[in-house]
Amino acid sequence: MNRDELYRRFGPALLEAHARLILDYINEIREHIDLPKITKKQALADIQNHLSSLEEYDWMKENTQ
């Protein structure tokens, strides 16, 4: 299975669940060391910033033409 097939098969739900899990774990650690939690709004803004620097998948380019 290649990169395109993997993301087509499991889709955005898997990515969202993974992101939420990581945010929960990060916030547990931050709370333990007396740092404020990262809000979902902050995390989404950071994700959007990173997404803008990633190359599109081939299938994404095909759907926009």
Alpha-carbon spread of the chain, three principal axes, descending order, Å: 48, 23, 15
Among the chymotrypsin sites (Phe, Trp or Tyr not before Pro) in the chain, which ones are in a DSSP loop with at most 15 other Cβ atoms within 10 Å of the Cβ? Mind listing them? Y57
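Not counting the cut sites, what is the longest span of the chain without GluC sites (Glu not before Pro) that DSSP labels loop and that have at most 13 other Cβ atoms within 10 Å?
1-54
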Just how large is the dipole of the chain about the Cα centre, in debye to the nearest 20, putting +1 at every Lys and Arg Cβ and -1 at every Asp and Glu Cβ? 180
Which one, S52, L6, P36, projects farthest toward the positive side of the charge dipole computed for the chain from Cβ point charges (K/R +1, D/E -1)? P36
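The numbers here are math on the coordinates, done by the rules we state, and not lab data. Bear in mind that the values here come from a model prediction, so they are computed numbers and not experimental data. Virtual Cβ from ideal backbone geometry, glycine too; neighbours counted across all protein chains shown.
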